[in-house]
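Each remark here refers to the structure printed beneath this line.
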Amino acid sequence: MSDTLTHAENEETGDAVPAFPMPRATGCPFAPPPEMMRLHAEKPVSRVRLWDGSTPWLVTRHADQKALYGDSRLSVDPTLPGFPHASAAFQDAFTSNPPSFLNMDDPEHARIRRMVTAPFAIKRIEAMRPAVQRMTDDFIDAMLAGPKPVDLVEALALPLPSLVICELLGVPYDDHEFFQSKSKVGVRRDASPQESRAASGALLTYLDEQLQAKLAHPADDLLSELAARMRAGDLTRHEAAMLGLLLLGAGHETTANMIALGVLAFLEHPDQLAVVRDTDDPRVVAGAVEEMLRYLTVVHNGQRRLALADVEVGGQVIRAGEGVIIPGATGNWEADVFPEPDRLDVRRNARRHMAFGFGVHQCLGQPLARLELQVVYSTLLRRVPTLRRAAELERIPFKDDGVVYGVYELPVTW
């Protein structure tokens, strides 16, 4: 997150307003920012100051967050005046382009989401497990056959989810360097509006070309299904391309960060690593993934909303037209919900976490993310039992500057 924390006076209340985003604690890379946790304890519904001087509400408690996620009086439409944008580039991108379905309210959101729900149904995703297992083993084979140390991000964490989403969508994996580089720009808070526009434009053009190819030569993949929806008039050409862009980007970026950051967390907690490494019970592995999702909450920029009407939450009235930020990390580290939240405990029942959000806008691809994490964590830790860091923790570069938290590289050896 940002390197500095400044305070200013709120014109309405006179309260001190911490700047958002907030820096993480030195030497504690997995915990939510200490300033955010202080607000969580002292004033769980409070104003924070953003990059543009606006002061939306930060809502930190689990129950309040869950209530807001399910409240139709809160909008995800980033084109509305007062929406709490994460950066100037995000504001420009949202206001200069038609929205994706993620940034639509019902009923339009529901109409488009229904068209891509079936491919991410749990039963259909579970059928991909043998293929994901084979891909994982292939990447680990290549890693073990090469020199040591190795950057786990480049060797496994990034290429695996990229290959999986390419297979699901029907996108050539040979193009992965192109879409990975453009996607990275899209999740950087420090990207300029010009950089963001250029990257998203290049990706939209690419997806549009892929969809046109699927119209002529359909296959058994998700882009072909979107092309068929286009032909039937259910989706416009732009809506289909935006859906493809969303699935391509979200399908590899968040999972790649969860893989690398999760492996690092396991290496820092060898007792928890041993539980996953030594078990043959898939339920234990599945539970460990839920705990890691809770513990890390890699979407650390906070879900953004705008109040369409007055909403009372946590004893505070949020007025119509005011912005709201919902940082999942604080809810996922709430002691009343998850006792000793700062302790990584893979045997904990962590299914109440909200790493994927909650309500109608919760992450569409969560079954796929869960599958990939279950396969990768268990396979890597079992096949490379002596895996260890090849650099001091202080020298590992963390993604403080992005919407999705993680590491830029993770040197490991064995």
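The values are calculated or read from the model by the stated rules, or taken from the named source; none is laboratory data. Keep in mind the model is a prediction, meaning the values are calculated, not measured. Cβ placement follows ideal geometry from the backbone for every residue including glycine, while neighbour counts extend to all protein chains displayed. Quick note on the areas: whole protein, heavy atoms, side chains included, nothing else; ligands and nucleic acids left out. Shrake-Rupley method; radii C 1.70, N 1.55, O 1.52, S 1.80 Å.
Work through the residues other than Arg111 whose Cβ is under 13 Å from its Cβ and net out their charges, Lys, Arg +1 and Asp, Glu -1.
Values: positive: Arg113, Arg114, Arg229; negative: Asp105, Asp106, Glu108, Asp234, Glu239.
That works out to -2.
Report, in whole Å, the centroid distance computed from the Cα atoms of region 217-241 and region 18-74.
Cα centroid of region 217-241 versus Cα centroid of region 18-74: 39 Å apart.
Tell me, what is the per residue accessible area of the chain in Å², probe radius 1.4 Å?
I get 42 Å² per residue for this part.
Accessible area of Asp220, 1.4 Å probe, to the nearest 10 Å²?
150 Å²
Provide Val317, Val289 ordered by accessible surface of protein heavy atoms (probe 1.4 Å), highest first.
Sorted descending by solvent-accessible area, the residues read Val317, Val289.
Can you give the local net charge around Val346? Use residues other than it whose beta-carbon is closer than 14 angstrom to its beta-carbon, Lys and Arg +1, Asp and Glu -1.
So the surrounding residues net to -1.
Expressed as a whole percentage, what fraction of the accessible surface of the chain belongs to carbon and sulfur atoms when a 1.4 Å probe is rolled over the protein heavy atoms?
Ligands and nucleic acids excluded, carbon and sulfur give 53 percent.
Rank these residues by their accessible area, most exposed first, probe 1.4 Å: Trp51, Trp333.
Trp51, Trp333
If you average the C-alpha positions of region 351-414 and of region 92-117 separately, how far apart do those two centres end up, in angstrom?
Value for the Cα centre distance between the two parts: 27 Å.
Using only DSSP helix segments of four residues or longer, with each worth -39500 (n - 2.57), what per-residue ellipticity at 222 nm results for the chain after dividing by its residue count and rounding to 500?
-15000 deg cm²/dmol
Can you give me the solvent accessible area of Val285 with a 1.4 Å probe, rounded to the nearest 10 Å²?
10 Å²
Ignoring ligands and nucleic acids, what accessible area does Arg319 show with a 1.4 Å probe (Å², nearest 10)?
Arg319 has an accessible surface of roughly 120 Å² with all protein chains in place.
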